[in-house]
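The values are calculated or read from the model by the stated rules, or taken from the named source; none is laboratory data. Because the structure is predicted, anything quoted here is derived from the model rather than measured. Note that each Cβ is placed from the backbone with ideal geometry, even for glycine, and that neighbours are counted across all protein chains shown.
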Amino acid sequence: MDFDVTTFPLRDGRLCTIRPARPEDAEDMIRYMAETAGETPFLLRTPGEVHYTVEQERELLGSLLADPCSAMAAAFVDGKLAGNSCIRCLGPKRKTRHRCAFAIALYREYWGLGIGTALIERLTGLARQIGYEQIDLEVVADNERALALYRKCGFTETGRRVRALKFDDGSYHDELLMVRFLGES
Ligand SMILES: CC(C)(COP(=O)(O)OP(=O)(O)OC[C@H]1O[C@@H](n2cnc3c(N)ncnc32)[C@H](O)[C@@H]1OP(=O)(O)O)[C@@H](O)C(=O)NCCC(=O)NCCS
C-alpha cells in the first residue's frame, strides 16, 4: 500500500524519513539485503542467498505498493537507505486474514537511534488501518536487541520453536514467537 511520508528526529539530531519502498529503490534494496545479512547472524538469509535481479525486485516492490494488505516502509537518513520493515498478509484464507507477519532490519551503523521503534509504530498504525487485529513475528531467542525492541513496543511471547535455525558453525538456535494485539495500546 501507499502511505504518507513521515519525518522524525533521531537521537543524534539527524532527521529520518519513513516512506513506502518503491520500484525505483530496487538496486538499493538488493544491496541492503545482502549487506545487512552479513552484519548480523539473526536474519534468515545469508549474503550468498540474495538472488533477486533488479527487475524481479522492482516487480516485487511494485506489487507490495499496489497490495492493500501489505506495507513496506523504508527509512532514510541523509538520503541514504538506513533500513526497511514490512507487514504482509499471510495469504488469502479467511481464517488467517485477521493477522499479518512482520519483518525488520537496519544497517548496523543505524542501530540504537530509534529507527526500529519508529518503523514499528508506523507499521502498527498502517496494520490497524488495513484492519488487522494482530501482528505476528518470529525472532531468534538470543537476539537481545530485537527482543528488547519488540517487548518495548508491546509484543508478548507466545511460544518457542526449538532448534529452528542451524548456523554454519553447527550451533542450533530457538525462535520465539511473538504477537502484538492491535485492539490494545
Ligand atoms: C533489531 C533492530 C531492528 C533494532 O532497531 P533499532 O533502531 O536499533 O532499535 P531502537 O533504537 O528503536 O531501540 C529499541 C530498543 O532496543 C533496546 N536496546 C538498545 N540497545 C540495546 C542493546 N545493546 N542490547 C539490548 N537491547 C538494546 C532498548 O530497549 C531500545 O529501546 P530504548 O532506546 O527506548 O531504550 C536492529 O538492531 C537491527 O536491524 N538488527 C539486525 C536485524 C534484526 O535482528 N532484525 C530483527 C529480526 S527478528
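Restricting the range 66-89 to residues that are not in a strand (DSSP E or B) and not charged (D, E, K, R) leaves a set whose member that is nearest to the chain's Cα centre (by Cα) is 70. When the range 111-122 is limited to residues that are buried (at least 20 other Cβ atoms within 10 Å of the Cβ) and touching a helix residue (DSSP H, G or I) at 6+ places or on another chain (Cβ under 9 Å), the one that is nearest to residue 38 (Cα to Cα) turns out to be 116. Need pairs with beta-carbon distance below 7 Å; first residue closer than 18 Å to residue 118 by Cα and within the range 129-151, second of a type in the set (Val, Ile, Thr) and surrounded by fewer than 18 Cβ atoms within 10 Å (Cβ to Cβ); sequence gap 6+ or separate chains. Between residues of the range 129-151 that are closer than 18 Å to residue 118 by Cα and residues that are of a type in the set (Val, Ile, Thr) and surrounded by fewer than 18 Cβ atoms within 10 Å (Cβ to Cβ), the close pairs are 149/117.
With respect to the conditions (1) touching a helix residue (DSSP H, G or I) at 6+ places or on another chain (Cβ under 6 Å); (2) away from the ligand (no atom under 16 Å from the Cβ), residue 79 lacks only one, and its number is (1). For the range 42-61, check the following and say yes or no: at least one residue is assigned to a strand (DSSP E or B), touching a residue at least 40 places away in the same chain (Cβ under 8 Å), more than 12 Å from the ligand (Cβ to nearest atom) and on the phi < 0 side of the Ramachandran plot. Scanning the range 42-61, I find no residue that is assigned to a strand (DSSP E or B), touching a residue at least 40 places away in the same chain (Cβ under 8 Å), more than 12 Å from the ligand (Cβ to nearest atom) and on the phi < 0 side of the Ramachandran plot, so the answer is no.
Inside the range 112-181, counting only strands (runs of 3 or more DSSP E) that do not spill past its ends, which hold 2 or more residues that are of a type in the set (A, V, I, L, M), within 16 Å of the chain's Cα centre (by Cα) and more than 9 Å from the ligand (Cβ to nearest atom)?
172-181
Annotation note: of 17, 7, the sole residue that is of a type in the set (Ser, Thr, Tyr), surrounded by 15 or more Cβ atoms within 10 Å (Cβ to Cβ) and within 20 Å of residue 118 (Cβ to Cβ) is 17. The single condition among (1) within 12 Å of the ligand (Cβ to nearest atom); (2) crowded, with 20+ Cβ neighbours inside 10 Å; (3) under 19 Å from residue 8 (Cβ atoms) that residue 71 does not meet is (1).
Kindly evaluate residue 58 against the criterion of being in contact with a helix residue (DSSP H, G or I) (Cβ under 6 Å, 6 or more places away or on another chain), among the basic types (Lys, Arg) and modelled with pLDDT of 95 or more. Criteria met by residue 58. In the range 96-110, of all residues being farther than 27 Å from residue 34 by Cβ and touching an Asp or Glu at 6+ places or on another chain (Cβ under 7 Å), the one that is farthest from the ligand (Cβ to nearest atom) corresponds to 98.
Checking 176, 165 one by one, the residue that is hydrophobic (A, V, I, L, M, F, W, C), crowded, with 18+ Cβ neighbours inside 10 Å and in contact with a strand residue (DSSP E or B) (Cβ under 8 Å, 6 or more places away or on another chain) is 176 and no other. What do you reckon, is residue 100 more than 30 Å from residue 171 (Cβ to Cβ), touching a Phe, Trp or Tyr at 6+ places or on another chain (Cβ under 6 Å), hydrophobic (A, V, I, L, M, F, W, C) and buried (at least 16 other Cβ atoms within 10 Å of the Cβ)? In short, yes. Anything in the range 11-41 that is assigned to a loop (DSSP other than H, G, I, E, B) and aliphatic (A, V, I, L, M)? List them, or say none. Scanning the range 11-41 gives a single hit, 21.
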